[in-house]
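Below is one structure, written out as structure tokens; the observations come after it.
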Amino acid sequence: MYKLLTIEDTVRVPPNRFSEKLEDVVLDILKKSYGGVTDKDVGMVLVITKVLDISIGRVIMGDGASYHDVTFEALVYKPEINEIVFGEVVEIVEFGAFVRLGPVDGLVHVSQVMNDFVGYDKKKGVLYGKESKRTLKEGDKVRARIVTVSLKRGAKAGKIGLTMRQPGLGKLEWIEEAEKEAKA
């Protein structure tokens, strides 16, 4: 789930940047400090959108830098358990499919692709159902549900586990087929 958060922090502005416009320096420092960082409580910080407030700076003896309390907005993505997501298959491997969910990829393990025995064709780069003959390949659009989330503090990405083994989930063509069958 995407969220726009208001965050408060203290920013250290080094003396060699005192000649620059304070708002620009603070925004630059925040982007470098927070951009792409993951926090298990907040999620993945995608971008600092704007600085809302900058306090008067304090200088600490022996440092020479100024410290400013700042309030800023950040766009974050925090995957939630049971959240339904749309994505595109970006890689097929023997153990499953990686699905791009915007800023991060999730894994659909072979056991969670479909209600069928799933095989892997390395030459064609597809996962296929032995009985249903359904295939999943790179570029396919899918709807999945998040079943596991493991975000580590400071990491550039986390691990997201997905399932497509429930009604209304799977490759979009499979969902359309199921809806047509239900109407008939």
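The numbers here are math on the coordinates, done by the rules we state, and not lab data. The model shown is predicted, which means the values in this text are computed figures rather than measured ones. When we count neighbours, we look across all protein chains shown, and the Cβ atoms used for this are built from the backbone with ideal geometry, even at glycine.
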Can you tell me the order of 86-95, 117-126 when each peptide is scored by its average per-residue count of other Cβ atoms within 10 angstrom, highest first?
86-95, 117-126
Of the listed peptides 103-109, 14-20, what is their order by residue-averaged count of other C-beta atoms within 10 Å, with the highest listed first?
103-109, 14-20
To the nearest 10 degrees, how steeply does helix 172-183 sit against the main Cα axis of the chain, on a 0 to 90 scale?
50
Taking the alpha-carbon centroid of each part, what is the distance from the stretch 65-87 to the stretch 112-128 in angstrom?
35
Nearby lysines by direct alpha-carbon distance to LYS31 (threshold 20 angstrom, same-chain neighbours under 8 apart not counted)
LYS3, LYS21, LYS40, LYS50, LYS78, LYS152, LYS156
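Give me the net charge for the shell around ILE54: Cβ to Cβ below 14 angstrom, other residues only, Lys and Arg +1, Asp and Glu -1.
Values: positive: ARG12, ARG17, LYS21, LYS50, ARG58; negative: GLU8, ASP9, GLU20, GLU23, ASP24, ASP28, ASP53, ASP69, GLU73.
Combined, the nearby Lys, Arg, Asp and Glu give -4.
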Taking the stretch 2-77, how much of its Cα-Cα pair set, in percent, is spaced more than 14 angstrom apart?
59
Degrees, to the nearest 10: 22-34 long Cα axis against longest axis of the chain
40
